[in-house]
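First comes the structure, then the notes that go with it.
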Amino acid sequence: MKKIPSNAQHSGSPQANEAIIRKFSKKGFHALTLEELATSLVSETFEQDFKRQTGLDWKREFQVKAIERLNQANFDAKWMMRKDKLSEDKDAPLFEAIRKGQVERVVDILYRSTNNP
């Protein structure tokens, strides 16, 4: 499997999304690494790319599972984002909810950010 360059992971680039979706299609959800799951959450286009390539709804079927798995591993997703794109004030509630395992709050924050960019 081709390794995703670290800068592609940070940006949630189309190449990173494609590699993650390809791995998902071949090996399934549980084969995805924590970094790949975090990339799926921070990428602005991952949901659309996933639906287009697999026909499945990432948000409805896998997003909560991804958040739960990241939470169980105490994964700190902040390092996945570039400092120039990270607004500590804006994103602090999201990361706090992830840290506390508040899945419903995380989904709500992500939903609101998707509908009100």
So if I check each of GLU61, GLU44, which one is within 25 Å of ARG105 (Cβ to Cβ), modelled with pLDDT under 90 and either within 11 Å of the chain's Cα centre (by Cα) or open to solvent by 50 Å² or more (accessible area, probe 1.4 Å) (or both)? GLU44
For the list (1) crowded, with 16+ Cβ neighbours inside 10 Å; (2) within 21 Å of GLN102 (Cα to Cα); (3) modelled with pLDDT of 90 or more, I need the number of the one condition that GLU35 fails. (3)
If you take the residues in the stretch 64-115 that are open to solvent by 50 Å² or more (accessible area, probe 1.4 Å), modelled with pLDDT of 75 or more and polar (S, T, N, Q), which one is farthest from THR33 (Cα to Cα)? SER113
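Yes or no: GLY12 out of contact with any strand residue (DSSP E or B) (no Cβ under 8 Å at 6 or more places or on another chain), on the phi > 0 side of the Ramachandran plot and either open to solvent by 20 Å² or more (accessible area, probe 1.4 Å) or modelled with pLDDT of 90 or more (or both)?
No, not satisfied.
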Which pairs turn up if I take residues in the stretch 12-40 that are within 15 Å of ASN71 (Cα to Cα) and hydrophobic (A, V, I, L, M, F, W, C) and look for partners that are in a loop (DSSP other than H, G, I, E, B) and at pLDDT below 90 with beta carbon separation below 7 Å, at least 6 apart in sequence or on another chain? LEU34/ALA73; LEU34/PHE75; ALA38/PHE75
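The values are calculated or read from the model by the stated rules, or taken from the named source; none is laboratory data. What you see is a predicted model, and the numbers here were worked out from it, not measured in a lab. Because the Cβ atoms are built from the backbone with ideal geometry, glycine has one as well, and the counts that use them run over all protein chains shown. What goes into the accessible areas is simple: the full protein's heavy atoms, side chains included, and nothing from ligands, DNA or RNA. Shrake-Rupley method; radii C 1.70, N 1.55, O 1.52, S 1.80 Å.
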